[in-house]
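The values are calculated or read from the model by the stated rules, or taken from the named source; none is laboratory data. All values reported here derive from a predicted model rather than from experimental measurement. Cβ placement follows ideal geometry from the backbone for every residue including glycine, while neighbour counts extend to all protein chains displayed. These area figures cover heavy atoms from the full protein model, side chains too; ligands, DNA and RNA do not enter into them. Shrake-Rupley method; radii C 1.70, N 1.55, O 1.52, S 1.80 Å.
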Amino acid sequence: MTESKKIAILCNYELLPERVGGMDYFFWLFDKQCKEKNIQVDWFFPNLSHHGEYFNLSIHDCNYNVENYFFAFCKQNETDYSHIITHFLELCTPSFYKIKQFSKAEIIAIDHNPRPLNGYPLKKKIEKRIKGILFSRYIDVFVGVSEYSKSELIKEFGAQIEKKSIIIFNGLEISKFKKKKNFSSNNQFIVASHLRKEKGIQDLILAVKDLKSFDFTIDIYGKGYFEGEFKKMIQDFSLQRFFNFKGSVSNLTEIYCEYDYLIHPSHGETFCYSVVESLMSNLPVITTRNQGNVLGLVVENKNGFLFEECNVAELKGILKNILKHKFLIGNCWENSKLKNFSLTKMVANHLALVLNNKP
């Protein structure tokens with residue numbers, strides 16, 4: 001048995017029973033394998049939940065302020081962590097300097113944050129570069145979840161972080177995905193994403209506005225702050241018969257295969273779970289050329305169709321050709337790169353960091 005260790009994971013990720021996705025499965029398996037290696041994990045989440053396997057984790061309910069709760073906890077408890085890992089936290093902030101004042105732990109920061117389609121405004125770029133100069137020294141390892149994510153980190157915070165920046169792809173439990181076998185068209189489409197403006201669903205609504213003569217449905221799974229705006233657009237254009245809002249569900253792995261295509265008109269991604277999930281279900285994908293296809297897994301006419309970000313006319317053309325049976329993916333080509341995105345590989349690579357081995 002390895003020498004006992006204790007690590008802390010600060011994760012600004014709300015625990016929701018109705019939304020169980022790739023990161024939830026990662027947390028559960030990572031915790032399990034840490035225990036097998038005699039590594040104790042203190043999890044700091046915004047809220048407390050015991051759904052799924054969260055009842056097995058040692059969770060601190062941070063009352064929706066992860067960083068401040070962690071500072072107060074460490075002040076009251078002399079805990080000797082070997083590693084402090086952050087997920088979904090803003091990087092290169094004074095918080096990392098503050099942690100180093102009371103802890104000798106190695107700090108590993110995971111970047112999950114999407115970027116704006118046209119980049120940050122100049123003021124934001126300058127702020128990030130200054131924060132990189134001031135605070136990047138207090139982060140020992142930067143982890144990007146894709147090539148794009150890593151390159152953006154270096155671009156934002158400075159070349160000084162390049163030598164301590166690595167890539168660990170997110171992963172999914174491949175066996176959980178029910179495979180699509182019937183490729184006859186039912187004119188049924190799925191959208192699965194957080195309902196944020198950056199996901200580009202407004203482009204899809206505008207495209208559908210000019211396709212009223214066709215008979216099809218689009219089921220939208222997910223929740224988010226922009227849901228009201230999307231619903232208002234649909235109402236304003238009298239498109240209610242085309243769109244169904246299904247909310248967050250925990251069984252997407254079983255239902256992707258029931259649809260003809262995933263539509264993901266995103267303006268900004270670092271990894272793009274829904275595209276990977278769809279392809280693991282043999283479901284063809286309609287997505288944006290650079291952002292939705294950030295991992296390069298969608299190949300034109302083989303497992304989907306691509307269009308330029310924000311190009312409503314191009315998206316409308318793809319949908320029209322599908323509905324007129326001019327475009328057809330008869331059998332979804334399986335990209336051999338998908339095997340790189342397994343959950344077991346992701347967990348092994350993250351565990352290697354804690355064991356001070358390079359993944």
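Stokes-Einstein, applied to the Kirkwood radius of the chain over Cα pairs at a viscosity of 0.890 mPa s and 25 °C, places its translational diffusion at 113 µm² s⁻¹.
Kirkwood hydrodynamic radius for segment 156-314: how many Å is it when counted over pairs of different Cα atoms? Before the final figure, lay out each step's value.
Working: mean 1/r = 0.0605 Å⁻¹.
Kirkwood radius, segment 156-314: 16.5 Å.
Toward the positive end of the charge dipole of segment 152-276, with +1 on the Cβ of Lys and Arg and -1 on the Cβ of Asp and Glu, the farthest Cα among L262, V249, I205 is that of V249. Modelled spin-label separation between T79 and K339, with each label point placed 7 Å from Cα along the Cα-to-Cβ direction: 3.9 nm.
Using a probe of 1.4 angstrom, how much of the accessible area of the chain is carbon and sulfur, in percent?
49
Computed over neighbours whose Cβ is under 10 Å from that of I139, the net charge equals +1, Lys and Arg +1, Asp and Glu -1. Under 21 Å of direct C-alpha separation, and excluding same-chain neighbours fewer than eight residues apart, K231 reaches these lysines: K197, K199, K209, K212, K223, K246, K316.
Expected output is a single nm value to one decimal: the length gained when fully extending between K302 and N331, i.e. 0.36 nm times separation in residues minus the C-alpha distance. What is it? Before the final figure, lay out the partial values.
On the way: separation 29, 0.36 × 29 = 10.44 nm, distance 0.81 nm.
Separation in residues times 0.36 nm, less the Cα-Cα distance, equals 9.6 nm.
Mind checking the full-extension length gain between F88 and S185? Use 0.36 nm per residue of separation minus the Cα-Cα distance, one decimal, nm.
Values: separation 97, 0.36 × 97 = 34.92 nm, distance 3.84 nm.
My answer for the length gained is 31.1 nm.
The residues of the chain have, on average, 46 Å² of accessible surface per residue, using a 1.4 Å probe with all protein chains present.
Taken along the Cα-to-beta-carbon direction at a fixed 7 Å, the label points for K104 and K35 span 3.0 nm.
Report the convex hull volume per residue for segment 1-69, counting only C-alpha atoms, in Å³. Before the final figure, lay out each step's value.
Details: hull volume 5.0 nm³, N = 69.
Per-residue hull volume (Cα only) is 72 Å³.
From the C-alpha coordinates alone, can you work out the Kirkwood hydrodynamic radius of segment 64-218, in Å? The partial results should precede the final answer.
Working: mean 1/r = 0.0523 Å⁻¹.
For segment 64-218, the Kirkwood estimate is 19.1 Å.
Each 10 Å bin from zero up to the one holding the largest Cα-Cα distance in segment 240-306 carries the following percent of pairs: 21, 52, 26, 1.
Segment A313..S238, full-extension length gain: 25.1 nm, with 0.36 nm per residue of separation and the alpha-carbon distance subtracted.
Once you have the Kirkwood Rh of segment 184-260 from its Cα pairs, apply Stokes-Einstein at 20 °C and 1.002 mPa s and quote D in µm²/s.
Translational D for this selection: 166 µm²/s.
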